[in-house]
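Here it is, the structure, as structure tokens.
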Amino acid sequence: MTDDAKCRNEVNAQRKAKKAEDKARKEAATKAKKEGKQEQSSVIAKKVVESPDKGAELQKAPSTSAPPKKKPTGESNSSRSKPIKKDPLPKSIPPTTTTIRSLTPIIDTSRVHPSFLSLFSKCDQGIIRGVDEICEEFVFAFQAFLEDYHHQENIPFYEGLMNGTKSSLSYLNSDGKYTFPFALGNIIRQLKKEIIALAKYDNDADSKRHLNGWLENYIDVHFSSADAAIVKFAGDKLRTLPRVLIYGSCPLVEKIILESKLGNNEIDITIVESPIEGNALEFASKLSDKGIETTYTTLNCVGNVMRNVDVVLLGCSAIFSNGYALTQRGCGVIALHAEACNVPVLIAAKTFKFVDLVKTHENKPKEVNALTKEILEAVPDDLITALVTEMRIVPPSSAPAVLKAKQLDYEQ
């Protein structure tokens, strides 16, 4: 064996010996580490057995954590925060009394004429229905009040009459809680103008005679003659459009249907009833008693019956200057279905119902007025084909012209 081979063997032997020593040293260190952990765990377990509270603290905090700081000896115990003592609540709280103000106005009925008391009672019981009947009965009630009125000597005749009228009006609209229907408001405004105009008369008899004559003329022009003219104009239309649909209850529309049916047996009548109001069944029964066949349905089925209709005839409570019509609830649905089926919509409206106001769509378009329980809604002018008035049949856009003609008539 050469010298190089011997040197190589010696080096390999030394390396193996060194590796063996390193391995033995690592095994000894690992064994010692395991034995140390076992001893530490046994000590902790022994302390936990001796004191459970201390053992829990040792488990939560490591052994190397710093000890808590001690309080300085110079600090007094008075600096510690003391709990705040609250005043004890009383065992029983005495009840408090509150006064609730009534929303219903207290009105002295001794200053109200019995005719107005009767008018309010009939409207409240539903005996008088519809704006037309309310306005007509109001004029009759005022005639009775005028006849029984006695002049007070300390004030002029017209001034005392105006004061008595204001007391009665306050009773009818619950002291201003509700507004009068627009048509009745027109009558009241014109009536007040006529009362003020009585200042030119010297004695009470002439004043009463003049005002009573004006009331009689108003009834004849705006109720009797107007009804006859509207029935004639609408009847002429129904001759060419015999299949007519009406909605709800309107005395003027019912009068048109009865008069037209008597003159033309070919008229086919369809009555649509509101599922909430339920006020058209009475007219359907009335037609049935007269032997007139009718089709009676509810608002839910109006889409089916509208296909077999030639014209829609509705009533109204007021007509505004922009052509909108204030009608009973549900007429807007009828007008929309009529427009979809290309059916004309006619609205019977007396000229005293035209109001110099503008009505548009609102978030809450429904309105409730004094002396009537009907809920009203506005129908846009683009859903209305024409307005049947006592003057003639006019489009909704002619509402300002009708108002101008009324103003000129009152000034004469």
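Values in this text are rule-based calculations from the coordinates and carry no lab data. Bear in mind that the values here come from a model prediction, so they are computed numbers and not experimental data. We place every Cβ from the backbone using ideal geometry, glycine too, and count neighbours over all the protein chains shown.
Using mean Cβ contacts within 10 Å as the protection proxy, how do 272-284, 147-159, 15-27 order, highest first? Let's see the in-between values first.
Working: 272-284: 16.8, 147-159: 13.1, 15-27: 10.0.
Most protected by this proxy first, the peptides run 272-284, 147-159, 15-27.
Over segment 109-221, what is the relative contact order in percent, taking alpha-carbon pairs closer than 8 angstrom and at least six residues apart? Write out the running numbers ahead of the final one.
On the way: 69 pairs, mean separation 36.8, N = 113.
Reported as a whole number, the value is 33 percent.
In this model, which of Lys200/Lys406; Lys350/Lys404; Lys353/Lys406; Lys255/Lys286; Lys122/Lys193 are farther than 18 Å apart at the alpha-carbon? Spell out each step's value before the answer.
Details: Lys200/Lys406 24 Å; Lys350/Lys404 15 Å; Lys353/Lys406 11 Å; Lys255/Lys286 12 Å; Lys122/Lys193 27 Å.
Those over the limit are Lys200/Lys406; Lys122/Lys193.
Excluding Ile292 itself, what net charge comes from residues whose Cβ is under 11 Å from its Cβ, given Lys and Arg +1 and Asp and Glu -1? Don't jump to the answer; show the numbers that get you there.
Values: positive: Lys261, Lys286, Lys290; negative: Asp268, Asp289, Glu293.
Cβ neighbours under 11 Å give a net charge of 0.
Right, next: What per residue convex hull volume, in Å³, do the alpha-carbon atoms of segment 228-411 yield? Present the calculation step by step, with values, prior to reporting the outcome.
Values: hull volume 22.0 nm³, N = 184.
In segment 228-411, the Cα hull volume divided by residue count equals 120 Å³.
Only bridges with both residues in segment 291-380 count here: give the DSSP antiparallel percent, nearest 5.
Details: 7 of 12 bridges.
Restricted to segment 291-380, the bridges split so that about 60 percent are antiparallel.
Could you tell me the relative contact order of segment 168-271? Use alpha-carbon pairs under 8 Å, at least six residues apart, and round to a whole percent.
Numbers: 46 pairs, mean separation 20.3, N = 104.
Contact order relative to length: 20 percent.
To continue, here is another question. When only C-alpha pairs under 8 Å and at least 6 residues apart count, what is the relative contact order of segment 228-411, in percent?
Answer for segment 228-411 is 22 percent.
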